[in-house]
């Protein structure tokens, strides 16, 4: 029987602690930088975000964060999801677990991966479709499902993504949400 991703990832307390720290930093980055555009950064489900170790009962299509934009009193648009991941390698590749791409395919809004390159102290953002388009499936971690290995050059720096996101919000305000959404979710 195959070991589940979360079980394997959280086998070591150190890895689990790093995962929690990454999510906490990601939330702070998103709230500070995306929040200035009026976007609410919500935890996918606080029962499963920033919790050390495996949480039983985690829904299959849960993402770390949701980005909601209020369009009128009591009405918001779900602009997309952000999944936090990363590595501690000094390489020019990003690695995204194929399992995460599979769950991104099941939703009808954009999914971005906020990727932490710890040794290089860099933060990247890459859309799920870009991972598939430019990635190559590799067996990166023994005993786990395949990962997509993507050149970091195909991702945006976090700073550039924040600037792009500001333009994205302007287009949403101009009533172009459905057109933009169709382009961002095309596989």
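What follows draws every value from the coordinates through simple rules; no lab data is involved. Values in this document were obtained by computation on a predicted structure and should not be read as measured data. So basically every Cβ, Gly included, is an ideal-geometry build from the backbone, and we count neighbours across all protein chains shown.
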Ranked from highest to lowest mean number of other Cβ atoms within 10 Å per residue, what is the order of the peptides 124-130, 111-117, 159-165?
111-117, 124-130, 159-165
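Residue 180 to residue 99: extension gain in nm, 0.36 nm per residue of separation minus the Cα-Cα distance?
Numbers: separation 81, 0.36 × 81 = 29.16 nm, distance 2.55 nm.
Computed gain between residue 180 and residue 99 is 26.6 nm.
When DSSP assigns beta bridges and you keep just the ones with both residues in region 58-125, what percent turn out antiparallel, to the nearest 5?
Values: 11 of 18 bridges.
Antiparallel bridges make up about 60 percent of those DSSP assigns within region 58-125.
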I'd like to compare 131-137, 63-69, 145-151: which one has the highest average count of other Cβ atoms within 10 Å, and what's the full order after that?
63-69, 145-151, 131-137
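Sort 167-173, 25-31 by the packing proxy (mean of other Cβ within 10 Å over each peptide's residues), most packed first. Walk me through the numbers on the way to the answer.
On the way: 167-173: 15.0, 25-31: 17.7.
The peptides rank, most packed first, as 25-31, 167-173.
Once you compute Rg and the Kirkwood Rh from C-alpha atoms, what is the Rg to Rh ratio for region 89-187?
Values: Rg = 14.5 Å, Rh = 14.4 Å.
Rounded to two decimals, Rg over Rh is 1.00.
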Label-point separation, residue 138 to residue 167 (7 Å along Cα→Cβ), nm
3.1 nm
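Averaging sequence separations of C-alpha pairs under 8 Å and six or more residues apart, then dividing by the length of region 62-101, give the relative contact order as a whole percent.
Details: 37 pairs, mean separation 12.5, N = 40.
Here the relative contact order equals 31 percent.
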